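Below is one structure, written out as structure tokens; comments come after it.
The values are calculated or read from the model by the stated rules, or taken from the named source; none is laboratory data. Just so we're clear, the structure is a prediction, and the values are computed from it rather than from any experiment. We place every Cβ from the backbone using ideal geometry, glycine too, and count neighbours over all the protein chains shown. The area values use the complete protein model at the heavy-atom level, side chains included, leaving out ligands, DNA and RNA. Shrake-Rupley method; radii C 1.70, N 1.55, O 1.52, S 1.80 Å.
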Amino acid sequence: MKIIKIILSFILISMSQASAQEFRPLVTINNRIITNYDLLLEIKTLEFLNNVKIDNKQQPIILQQMINEKIKEIELKNYKLNVNDKLINKKLNLSLQKKNKLLTDDIRDNIKNKIILQDKWNKLINLKYSQQLYVNFDEINQIIKSKNLKEKDREKIISIEKNKKLNIYSKTFFNQIKVKYLVKYL
């Protein structure tokens, strides 16, 4: 009986040391942590979505993207934005469509969280900058003429041009807010 207790104690100590090694903080952003497990999950998610193997050289780029997403996530907590669950699930199903790989719950949840984050971010940018969004119709007419497009494509081109401007506003707004967050590499 004593031997079993010793063996169990040894196993529990080994497991706790192994788990302590598994979850190591990499970065803090205003006291929010990104761990090595988060990075590993992100890599697995990107590999799943893009059907590519990610090498170690790409990890700093992925970590920077995770930091940017964490800043957006923290910033979005200042706003009361809701998302349409049906639309989120539809986008999730589209993302997972035609993927023959085994999907873990962690990867699925990570993909869903990314979709929610992007949806809320886009909503915020639309709210903040929709009044400043204008399209030069002379440019639209030029594009239609130069590409020999039909008049019915006008709305599609207007939408593309508005999205370009929204992307610029999004990058500008993000660059303005990220300076107020303390990012510390551990």
>> From the helices alone, meaning DSSP H stretches of at least four residues, give me the mean residue ellipticity at 222 nm for the chain, per-run term -39500 (n - 2.57), in deg cm²/dmol to the nearest 500.
In response: -23000 deg cm²/dmol
> Can you pick out the pairs among Lys98/Lys147; Lys70/Lys123; Lys91/Lys147; Lys90/Lys171; Lys80/Lys123; Lys86/Lys114 whose Cα atoms lie more than 22 Å from each other?
Replying inline: Lys98/Lys147; Lys91/Lys147; Lys90/Lys171
> Which label marks the calculated value of volume of the Cα convex hull per residue in Å³, given the options [x] 406; [y] 157; [z] 212?
Replying inline: [z]
> Carbon and sulfur together cover what percent of the accessible area of the chain at a 1.4 Å probe radius?
Replying inline: 54
>> Below 8 Å, C-alpha to C-alpha, sequence gap of six or more: please give me the relative contact order for the chain in percent.
In response: 29
>> Just to check I understand the Karplus step: with θ = phi - 60° and J = 6.51 cos²θ - 1.76 cosθ + 1.60, what whole-Hz values come out for segment 141-153, glycine and proline as x?
In response: 4, 4, 5, 4, 5, 5, 9, 6, 8, 7, 5, 5, 7
> Which chymotrypsin sites (Phe, Trp or Tyr not before Pro) does segment 53-146 hold that lie in a coil by DSSP with at most 13 other beta carbons within 10 Å?
Replying inline: Tyr79, Tyr134
> Which entries of Lys99/Lys162; Lys120/Lys178; Lys120/Lys150 show an alpha-carbon separation above 28 angstrom in the structure shown?
Replying inline: Lys99/Lys162; Lys120/Lys150
> Treating the beta-carbon of each Lys and Arg as +1 and of each Asp and Glu as -1, no other charges, what is the dipole magnitude of the chain about its Cα centre, to the nearest 20 debye?
Replying inline: 220
